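The values are calculated or read from the model by the stated rules, or taken from the named source; none is laboratory data. Predicted model, so just to flag it, every value in this text is computed and none were measured. Here the Cβ positions follow ideal geometry from the backbone for every residue, glycine too, while neighbour counts run over all protein chains shown.
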Amino acid sequence: MTFESALSMLRRRWVALILCVLAGIGGAFAHVHTSAKLYRSTARLFINIPAAQSTQEALQGVQLSSQLIQSYADIVSSRTTAQQVKDRLGLSESAAQIASKLSATPQPNTLIIAVSATDTAPARAQSIAQAAAVVLNDSVQSLEHDRTPTSAVEASIIDDANTPGAPISPRPTRDLLLGLILGLIAGVAVSLVVEALDRSVKTTSEVERLVGAPPLAVVPKIKGSTPLLAGEPLQTPAAESYRALRTSLRFLDLDAPLRSLVVTSPSADEGKSTTAANLALALAQAGERVILVDADLRQAGLSELLDIESAVGLTGVLTGEVALEVALQQYRPTMQVLAAGALPPNPSELLGSQRMSALVSDLVARCDVVIFDAPPVLPVTDAVVLSTQVDGTTLVVNYGRTPRNHAAEAARRISTVDAELVGFILNRRPKPDTSAYYSAYQPRESPALRPPIEA
């Protein structure tokens with residue numbers, strides 16, 4: 001994973017990251033305010049090792065000294081020492097409880113042992129540490145009493161135990177910083193796990209590899225009540241993305257431009273109808289003659305999206321109940337819409353019929369581009385059947401929602417009938433930082449670019 005891809009992943013998973021950071025800081029805050037304060041007091045003893053009488057004794061003494069110092073340090077936390085401290089101070093705790101408060105650490109490369117005691121009361125921590133140091137001093141003398149004065153080890157207290165002024169735990173600054181660091185680590189870990197479990201598409205390169213077709217446009221999420229281009233200001237990322245889609249389709253093949261196009265998606269609710277409608281509007285705004293056909297004969301949605309009559313439409317034309325001229329509805333000066341009409345019991349048969357093939361030819365002859373809003377590919381075969389009768393098919397995949405295997409399977413089904421998948425649209429991607437360009441750069445609107453008045 002590159003640095004850029006890692007940053008992109010964290011931006012996508014910022015909710016998990018923030019929640020883990022807040023949990024880490026919250027846990028540290030709770031620890032600081034609920035934990036009992038602990039104080040530590042330390043006394044230091046010097047262990048005097050007799051001087052070596054020969055070279056051999058000197059060589060052996062280096063190792064023996066370190067072992068001896070560690071042995072005396074271990075005596076401090078023994079039950080015997082704890083019991084003697086308890087008796088000296090008249091404490092109510094058991095010897096085991098007192099032993100758990102005691103510790104001794106040999107200072108590296110020295111003959112000094114630091115004897116420490118931890119307690120919730122500063123004065124008691126000082127008295128326990130001092131008593132333990134005295135007991136250790138007495139223990140050394142007792143263990144060495146059989147040796148000659150020249151060979152006996154001696155201990156002496158060089159620093160009495162002090163009364164601590166500040167607790168060693170909790171430490172608000174340290175604990176909060178540690179909580180922040182642990183929260184960040186946990187957030188990154190959770191983000192990586194969620195990212196690994198997320199099988200949805202997120203980049204154009206990824207989708208291009210899956211479907212084997214080029215990206216035509218990347219459409220950001222559209223905020224507001226209407227998803228239509230005509231209802232937005234001209235200079236927005238969403239409007240620009242549909243104009244980019246229009247341009248991409250124009251330059252697919254300059255010698256043989258697309259005259260008929262199916263817009264579909266792997267599954268439902270991925271934005272195919274919105275994409276088809278906005279593409280038609282973008283083409284109409286550029287002065288091209290466009291016919292938008294609602295070929296989703298199972299869950300027709302263009303009529304509601306465009307607020308047009310839905311009773312008469314494609315099914316009536318295919319069954320011969322109504323003439324094409326009557327069914328076509330003028331939506332813009334250069335844009336007509338053919339609604340779905342009554343939903344039939346056999347959509348696939350109608351879309352794959354000879355009458356549908358003849359209708360496609362008739363529609364192409366009437367305009368520059370015909371756009372078909374087809375059902376999703378995976379649930380039904382309608383879009384695959386219809387794609388064999390047009391110049392090209394484009395696939396709308398939803399950022400962060402369309403599974404990778406769904407995108408690949410939809411492309412495979414289209415290719416199995418020798419239909420041409422001209423490209424894909426990555427839909428509803430969160431707006432990148434560069435979207436600020438559109439608010440900063442606002443060229444003057446010319447009369448030619450103004451949305452045409454509804455007929």
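Would you check which residues across segment 76-125 are of a type in the set (S, T, Y) and either in contact (Cβ under 8 Å) with a residue 12 or more places away in the chain or in a helix (DSSP H, G or I) (or both) and list them? Matches in segment 76-125: S77, S78, T80, T81, S100, S103, T105, S116, T118, T120. Please state which one of D418, D368, D362 is at positive phi and surrounded by fewer than 21 Cβ atoms within 10 Å (Cβ to Cβ). Result: D418 is the single residue among D418, D368, D362 that is at positive phi and surrounded by fewer than 21 Cβ atoms within 10 Å (Cβ to Cβ). With respect to (1) buried (at least 23 other Cβ atoms within 10 Å of the Cβ); (2) without any contact (Cβ under 8 Å) to a residue 12 or more places away in the chain, the lone exception for D255 is condition (1). What number of residues in segment 59-109 are modelled with pLDDT under 90 and more than 56 Å from the chain's Cα centre (by Cα)? The total comes to 6. Annotation note: Cβ proximity below 8 Å between a residue of segment 370-382 that is over 15 Å from G352 (Cα atoms) and in the same structural domain as V293 (by TED's automatic domain parsing) and a residue that is assigned to a loop (DSSP other than H, G, I, E, B) and hydroxyl-bearing (S, T, Y) (sequence gap 6+ or interchain) occurs for P376/S265; P376/S267; L378/S267; P379/S267. Of all the listed residues (R401, R428), the sole one being under 23 Å from T247 (Cβ atoms), in contact with a Lys or Arg (Cβ under 8 Å, 6 or more places away or on another chain) and at pLDDT below 95 is R428.
Scan segment 167-183 residue by residue and report those that are surrounded by 15 or more Cβ atoms within 10 Å (Cβ to Cβ) and closer than 24 Å to R12 by Cβ.
Passing the criteria: L180, L182, G183.
Of all residues in segment 298-317, those being more than 21 Å from V360 (Cα to Cα) and assigned to a helix (DSSP H, G or I) number 3.
Has segment 314-330 got at least one residue that is closer than 19 Å to L249 by Cα, assigned by TED's automatic domain parsing to the domain that holds P403 and touching a residue at least 60 places away in the same chain (Cβ under 8 Å)?
Among the residues of segment 314-330, not one is closer than 19 Å to L249 by Cα, assigned by TED's automatic domain parsing to the domain that holds P403 and touching a residue at least 60 places away in the same chain (Cβ under 8 Å), which makes the answer no.
Determine, yes or no, whether A280 is assigned by TED's automatic domain parsing to the domain that holds G392, touching a Ser or Thr at 6+ places or on another chain (Cβ under 9 Å) and under 28 Å from L378 (Cβ atoms). When the stated conditions are applied, A280 does not pass them. The condition (being farther than 15 Å from I47 by Cβ and modelled with pLDDT of 90 or more) is satisfied by just one residue among L178, L192, L136, L197: L178. When segment 30-58 is filtered for residues that are loosely packed, with under 15 Cβ neighbours inside 10 Å, modelled with pLDDT of 70 or more and part of a helix (DSSP H, G or I), the ones remaining, listed by number, are A30, H33, T34. Going through (1) more than 21 Å from S415 (Cβ to Cβ); (2) surrounded by 22 or more Cβ atoms within 10 Å (Cβ to Cβ); (3) without any contact (Cβ under 8 Å) to a residue 40 or more places away in the chain one by one, L283 falls short only on (3).
If I filter segment 1-24 down to residues being out of contact with any Asp or Glu (no Cβ under 9 Å at 6 or more places or on another chain) and surrounded by 18 or more Cβ atoms within 10 Å (Cβ to Cβ), which single residue comes out as farthest from T173 (Cα to Cα)?
Across segment 1-24, the extreme among qualifying residues is A16.
With respect to the conditions (1) in the same structural domain as S65 (by TED's automatic domain parsing); (2) closer than 22 Å to T34 by Cα, P164 falls short on a single one, namely (1).
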